[in-house]
1. For ARG237, only one of the following conditions fails: (1) in contact with a Gly (Cβ under 6 Å, 6 or more places away or on another chain); (2) at pLDDT below 95. What is its number?
2. Can you confirm whether VAL187 is at pLDDT 95 or above and under 30 Å from LYS322 (Cα atoms)?
3. Any idea which of LEU252, LEU245 is part of a helix (DSSP H, G or I), touching a residue at least 60 places away in the same chain (Cβ under 8 Å) and either touching a Ser or Thr at 6+ places or on another chain (Cβ under 9 Å) or over 17 Å from PRO122 (Cβ atoms) (or both)?
4. Name the single residue that is modelled with the lowest pLDDT among those in segment 38-72 being surrounded by fewer than 20 Cβ atoms within 10 Å (Cβ to Cβ) and charged (D, E, K, R).
5. Among the residues of segment 265-282 satisfying the criterion of being surrounded by 13 or more Cβ atoms within 10 Å (Cβ to Cβ) and aliphatic (A, V, I, L, M), which is nearest to VAL129 (Cα to Cα)?
6. Looking at segment 291-306, is at least one residue under 23 Å from HIS54 (Cβ atoms), aromatic (Phe, Trp, Tyr), under 16 Å from the mean Cα position of the chain (by Cα) and surrounded by 18 or more Cβ atoms within 10 Å (Cβ to Cβ)?
7. Do any helices (runs of 4 or more DSSP H) lying entirely in segment 121-213 carry at least 1 residues that are acidic (Asp, Glu) and in contact with a strand residue (DSSP E or B) (Cβ under 6 Å, 6 or more places away or on another chain), and which ones are they?
Amino acid sequence: MQAQNKQDKLIVGLTFVALVAMIAAYFAPIWWVSLTAPNYPKEAFPDGIRIHFHFDGVYNGCSVAPSGGGRPQAEIIQQDLDEKVERYNPILDAKKDVNKGAAGIDCVHEMNTINHYVGMFPISTGAPVEKPLAKFFFGFFAAMLLGFIVPEGKKKQRLLVLTAGFAAVAAWMLVDQYALGHLNAHVDSYVRDAATFFNEPEKIAQWGDTVRNISHIAIVGLIAVMAVVVAGVALFRRFSLLLALVPALLPLYFVVTYAGWLWFFGHNLHPWGAFTVHPFMPTVFGEGKVAQFSTYSYPYWGYGLLVLVFVCLMLALLMRRKEMREQDGA
């Protein structure tokens, strides 16, 4: 009995560490991508044109090299952007976000400008359903882990925790997306972002409707999955192992989704680009080359948190599985 209590505490500890790491990962940069080229000098762009991928969006990852001797960094950056606007793209005002000088560099906007030259969609149009709903999926995973923490043999308590947790997440999701109007606001933002580079209002409106409809399906689907999980735990004892296994696979979910959207962007180029590039698969991991640009794509520290989630939950799952087998053999 004492050994079992010790094992239960270890399972709880591992699951709790995974839960904290998972919540932290939601707010952390998971992956970074950088482009370098001769017209982006190292002294002005020490990390190249760099962006950070989070579960809820894409963020500016540029840092500014410290000035010291020579020309001020803001002057170098401003001149470089002025030259690009004049030479390549009269439609976009690439200076919009950098007139404040070096401290105001927006590398998401800058990468969108670069991508526009080859006919690629704005970065923000990727994963239009996944990004705004990610917080609810994390809430779903958190409720599963809280249910998994409940010691084996206490089915009623586990079902109570799962039901309460899922009900809270479902209510949060419905209020956020519908009562507060965040779904419609997100679709409007998606349409505006797409229209920045793609001047076909009717087609863009159809895309917006598609995003809205798929979001409806995803919301209903998530609630249905919650009901399936509760029923599965109530009916099948070993089904509770999925409470740890499903969240443990977060590193895989991210990479598959990330690679899938990279494929979409690279294989859905449009003729309004200034340069003609054949459809291609952007680099998922490592270094690549597109035209004059060198590309770099690597996991960031947030992905390390996801790996920690995986390790902790797999250890806890194996321990719980062993515990079940011992109880079955007793």
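The values are calculated or read from the model by the stated rules, or taken from the named source; none is laboratory data. Computed from a predicted model, the values in this text were never measured in an experiment. Neighbour counts run over all protein chains shown; Cβ positions are idealised from the backbone, glycine included.
1. (1)
2. No: the conditions fail for VAL187.
3. Exactly one residue qualifies, and that residue is LEU245.
4. Per the criteria, the residue is ARG71.
5. Among those residues, the one meeting the criterion is LEU269.
6. Yes: one or more hits.
7. By residue number, no helices (runs of 4 or more DSSP H) qualify.
Conditions (1) surrounded by 18 or more Cβ atoms within 10 Å (Cβ to Cβ); (2) of a type outside the set (Asp, Glu); (3) at pLDDT 95 or above; (4) in contact with a helix residue (DSSP H, G or I) (Cβ under 6 Å, 6 or more places away or on another chain), marked per residue:
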| site | (1), (2), (3), (4) |
| --- | --- |
| SER124 | yes, yes, no, yes |
| VAL129 | yes, yes, yes, yes |
| GLY139 | yes, yes, yes, yes |
| LEU145 | yes, yes, yes, yes |
| LYS154 | no, yes, no, no |
| LEU162 | yes, yes, yes, yes |
| GLY165 | yes, yes, yes, yes |
